[in-house]
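Participant: Below: one structure in structure tokens.
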Amino acid sequence: MSQGAGLGSTVATTDPEGKRAKAELEGTALRDKPAEGVPERLPPLQRGGWWAVFGGFALASTGGVFAGLAETEEDKAARLIAQIDPETGASLQYADVKDEYDDILARGRRDAILARSFLAAGGVVLAVGISLFIADRVKRRPTRVQASLGGLQVRF
């Protein structure tokens, strides 16, 4: 049985394979010269834009869930009012179901407010993400007009 108990043997710090493996594990292997086909890291504005888009969709999805819950409460209230009294065969009196009906409507209103709030917040965060993408593009775009000793150079 080995002394390493499955951990393998240690590698000398001067071993080139050990250095390469350490660089790959620490993520520093691509710092000097990226390998062909490996994309560059995203610029900070683009990274922020993607995170904002993700956050916007997450907030909007949460708003959609609350909109569904509000619709469910509305259906419950409609079913409660449509119930028939088994003894008389007539519709239930409002006074008999008033408290339950008001509770259902209150939960439905709360869920609807939450749905609108999450949807609005998701829209704002999504707009921020799009703004970050636009800002990144404007920042990276080469200037169209350059002044030099010979005159102006205009790019289209």
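Participant: Using a Förster radius of 41 Å, what is the FRET efficiency between residue 121 and residue 21 based on their Cβ-Cβ separation? Nearest 0.05, please.
Facilitator: That pair, residue 121 with residue 21, gives E of 0.35.
Participant: Oh, and also: Just order 82-95, 61-74 by mean Cβ neighbour count inside 10 Å, highest at the front, would you?
Facilitator: Descending packing order for the listed peptides: 61-74, 82-95.
Participant: For residue 152 paired with residue 91, estimate the spin-label separation in nm (one decimal), with each label point 7 Å from Cα along the Cα-to-Cβ line.
Facilitator: Those two pseudo-labels are separated by 7.5 nm.
Participant: Let me ask something else about it. For residue 113 and residue 47 in one chain, what is 0.36 nm times their gap in residues minus the Cα-Cα distance, to one decimal in nm?
Facilitator: 20.6 nm
Each reported figure results from applying straightforward, stated rules to the coordinates on display, with no laboratory input. Just so it is clear, the model here is predicted, and its values are computed rather than measured. In this analysis, Cβ positions are derived from the backbone assuming ideal geometry, glycine residues included, and neighbour counts consider all displayed protein chains.
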